[in-house]
1. Projected onto the charge dipole of the chain (+1 at Lys/Arg Cβ, -1 at Asp/Glu Cβ, origin at the Cα centre), which of 152, 87, 172 gives the Cα projection farthest towards the positive end?
2. Which net charge results for the neighbourhood of residue 103, defined as the other residues with beta-carbon distances under 11 angstrom from its beta-carbon, given Lys and Arg at +1 and Asp and Glu at -1?
3. Rg/Rh for the chain: what does it come to with C-alpha atoms and Rh from Kirkwood?
4. Taking square-rooted eigenvalues a ≥ b ≥ c of the alpha carbon gyration tensor, is segment 13-111 rounded, prolate or oblate, where a/c under 1.5 means rounded and, failing that, a/b exceeding b/c means prolate?
5. Below 12 angstrom from the Cβ of residue 163, what's the summed charge of the other residues (Lys, Arg +1; Asp, Glu -1)?
6. Could you estimate the translational diffusion coefficient of segment 117-223 from the Stokes-Einstein equation, with Rh from the Kirkwood formula over C-alpha pairs, at 4 °C and 1.567 mPa s, in whole µm²/s?
7. Using a simple charge model, +1 on the beta-carbon of Lys and Arg, -1 on the beta-carbon of Asp and Glu, nothing else, what dipole does the chain show about its Cα centre, in debye to the nearest 20?
8. Over all distinct alpha-carbon pairs, what is the Kirkwood Rh of segment 55-124 in angstrom?
Amino acid sequence: MPIENPIDALSNPSEWAGLPVSITARAVEDCTVDLHPDELSLASRFGAKRSNTFSSGRKCARDLLISLGQPAVPLPRADDGSIVWPQGFMGSVSHTDHWAVAAVARKGPGTAKALGIDLEPRQVLSSRLLSKIATEAEQLALEKEKDWQGIALFSLKESLYKCLRPSFGKFIRFHDVELSGLDTPQPTIKFCSQELISHCDSKDLELRLSITAEHVFSMVWWRAESV
Ligand SMILES: CC(C)(COP(=O)(O)OP(=O)(O)OC[C@H]1O[C@@H](n2cnc3c(N)ncnc32)[C@H](O)[C@@H]1OP(=O)(O)O)[C@@H](O)C(=O)NCCC(=O)NCCS
């Protein structure tokens with residue numbers, strides 16, 4: 001089991017993100033005792049492994065909301081699988097088999113419209129998987145890279161999906177999005193789908209990566225106003 005807390009490297013999450021945001025992580029375990037009855041009815045349909053990741057993720061999210069002065073409200077699941085956050089808040093959850101992470105931010109002027117996070121174990125992706133998730137240009141850029149950039153590309157696309165899917169209202173394909181600058185802390189993004197271009201100006205998206213010995217952690221957030 002990976003022993004590293006995946007967010008220990010982020011001494012100041014808001015500074016890292018460029019957004020007032022709270023982020024927390026906990027080792028995955030059975031946290032069903034902390035679930036709201038509405039969430040428990042959902043978790044009761046899961047097997048033990050999924051129930052542990054679900055309940056650990058919900059506990060991370062609720063702990064953050066409580067730390068921000070919110071009561072312990074239920075966090076239901078929307079039809080698209082995302083979390084329905086309480087009024088005035090936005091957030092995102094991700095889990096590996098061993099760690100759950102949540103990020104929560106207040107809505108309001110000067111913050112974000114939406115955010116998404118993703119956590120992955122650091123690993124080298126096979127060329128077969130890379131061809132599924134990376135455009136031709138991305139594959140060319142990754143050709144010399146054998147370490148973490150493939151999984152970072154994957155993680156950022158998952159974060160982007162979580163950030164945009166609820167407002168976009170439909171599935172986003174891996175090849176609809178092209179990333180560059182993965183070797184920098186703030187990669188950039190281009191949309192290859194007219195529908196996405198109409199939905200969101202990619203210049204309003206902020207991308208973040210944190211690469212540690214055992215994990216790749218990413219975040220994408222959508223600026224509420226263009227700067
Ligand atoms: C939905 C998806 C992104 C989840 O990612 P994952 O790596 O499988 O799982 P993670 O642990 O990181 O995240 C799971 C959490 O994401 C959240 N989530 C699920 N669907 C979501 C959606 N449509 N929008 C926002 N968040 C969502 C949930 O909180 C979920 O945890 P929970 O069910 O315990 O509440 C992934 O399964 C998927 O469908 N990917 C294909 C689409 C895609 O990524 N396209 C790339 C576009 S460039």
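Just so you know, all these numbers are worked out from the coordinates, no wet-lab data involved. What you are looking at is a predicted structure, and each value in this text was computed from that prediction instead of being measured. FYI the Cβ positions are ideal-geometry reconstructions off the backbone, even for glycines, and counts take in every protein chain you see.
1. It is 87.
2. +1
3. Taking Rh as the inverse mean 1/r over Cα pairs, Rg/Rh reads 0.95.
4. Prolate shape, in that a/c is at least 1.5 and a/b is the bigger ratio.
5. Charge balance in the 12 Å sphere: +2.
6. Details: Rh = 13.8 Å.
Roughly 94 µm²/s, to the nearest whole number.
7. Values: 25 positive and 29 negative charges, 92 e Å.
With Lys and Arg at +1 and Asp and Glu at -1, about 440 debye.
8. About 12.9 Å, per the Kirkwood formula over Cα pairs.
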